[in-house]
Amino acid sequence: MPEPTPSNRSSILLEASCLSKHYGSQRVLEAVDLKLAKGDRVALMGPSGAGKSTLLNCLGGIETIDAGKLFFEGQPLHAMNEDAIAQLRRQRIGTVFQFFHLLPTLNAAENIALPLRLNGIGPAECRERVQSLLREVGLGERANSFPETLSGGEMQRVAIARALAAEPALLLADEPTGNLDSKTGESILDLIERLCDRQRTALVMVTHAESSTRICHRVIHLHDGRVMNKMTAL
Ligand SMILES: Nc1ncnc2c1ncn2[C@@H]1O[C@H](COP(=O)(O)OP(=O)(O)OP(=O)(O)O)[C@@H](O)[C@H]1O
Ligand SMILES: [Mg+2]
């Protein structure tokens with residue numbers, strides 16, 4: 001595992017305290033505490049149904065929390081309105097999923113350009129940044145390819161480029177190698193590690209594979225919505 005990043009107060013990126021979440025009468029997250037420093041990389045593990053995806057979605061503001069506090073770069077996500085959260089997500093948080101979630105009607109370059117355009121980057125700068133990102137993820141020649149013509153690994157490379165295009169402070173990845181063969185999965189992990197290192201982007205990555213935790217500084221175990229190793233989460 002890489003050396004832990006120093007986590008003094010000035011470098012705190014995200015601080016969650018006592019997060020709780022219910023779906024109906026089902027308690028899915030219970031008093032979760034979690035601190036992330038800038039550039040910190042954390043793996044989230046636990047059995048199916050433990051609440052890993054729910055926690056990831058809460059940290060990224062996709063899901064609301066029922067109780068607790070969640071500060072991102074000092075801003076209280078728990079108290080912000082939908083528009084403010086959407087703006088923060090667009091600018092500061094990238095997301096990668098198991099099934100890539102590329103837009104099928106847009107080619108690789110257009111998929112990657114999307115967050116840049118949404119953030120108001122002009123067409124010329126956008127084109128330049130997209131080309132550089134495509135090269136960075138090893139797809140310099142595939143700008144015009146549509147998702148259906150790409151392999152799983154290539155689709156995930158496009159998804160990673162899209163997630164990191166706006167240089168977010170945090171990347172959330174939900175089983176990013178879960179739908180890939182092991183060799184392709186390894187290269188995707190290497191790519192995530194390299195890009196996060198370079199941009200000093202923090203990472204919270206859900207994974208079922210112990211071996212995938214190699215790119216992370218810490219592993220947090222979730223069970224029935226509770227963090228089992230509480231000291232590691234802080
Ligand atoms: N939108 C929803 N509505 C109702 N219940 C939900 C919803 N999303 C998740 N749940 C329930 O919350 C619990 C936790 O789900 P979650 O998807 O967070 O688990 P997970 O740890 O990511 O599991 P897996 O490893 O299978 O992906 C499960 O019991 C699930 O059925
Ligand atoms: Mg899940």
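Can you tell which of Arg129, Arg92 is touching an Asp or Glu at 6+ places or on another chain (Cβ under 9 Å), farther than 17 Å from Pro176 by Cα and buried (at least 17 other Cβ atoms within 10 Å of the Cβ)?
When all the criteria are applied, what remains is Arg92.
Just one of the listed residues (Val96, Val137, Val130) is under 21 Å from Ile188 (Cα atoms), among the aliphatic types (A, V, I, L, M) and without any contact (Cβ under 8 Å) to a residue 40 or more places away in the chain, namely Val130. Only residues that are in a loop (DSSP other than H, G, I, E, B) and closer than 18 Å to Val204 by Cα: list them for the stretch 18-50, please. Lys38, Gly39, Asp40, Gly46, Pro47, Ser48, Gly49, Ala50 - these are the residues of the stretch 18-50 that are in a loop (DSSP other than H, G, I, E, B) and closer than 18 Å to Val204 by Cα. Kindly indicate whether any position in the stretch 40-58 is modelled with pLDDT of 95 or more and away from ligand 2 (no atom under 16 Å from the Cβ). Yes, the stretch 40-58 contains at least one residue that is modelled with pLDDT of 95 or more and away from ligand 2 (no atom under 16 Å from the Cβ).
How about the stretch 211-234: which of its residues are out of contact with any Lys or Arg (no Cβ under 7 Å at 6 or more places or on another chain), free of Cβ contacts under 8 Å to residues at least 60 places away in the same chain and not in a loop (DSSP other than H, G, I, E, B)? Within the stretch 211-234, Ser211, Met231 meet the criteria.
When Ala173, Ala202, Ala159 are screened for being touching a His at 6+ places or on another chain (Cβ under 8 Å), crowded, with 17+ Cβ neighbours inside 10 Å, in contact (Cβ under 8 Å) with a residue 60 or more places away in the chain and aliphatic (A, V, I, L, M), only Ala159 passes.
Among residues of the stretch 25-40 being basic (Lys, Arg) and under 25 Å from Glu193 (Cβ atoms), the one that is farthest from ligand 1 (Cβ to nearest atom) is Lys38.
Name the single residue that is nearest to Phe100 (Cα to Cα) among those in the stretch 177-234 being more than 18 Å from the chain's Cα centre (by Cα) and basic (Lys, Arg). Among those that are more than 18 Å from the chain's Cα centre (by Cα) and basic (Lys, Arg), it is Lys183.
The values are calculated or read from the model by the stated rules, or taken from the named source; none is laboratory data. Fair warning: this is a prediction, and the values are worked out from it, not measured in the lab. A quick note on method: Cβ atoms are made from the backbone with ideal geometry, for glycine too, and the neighbour counts reach across all protein chains shown.
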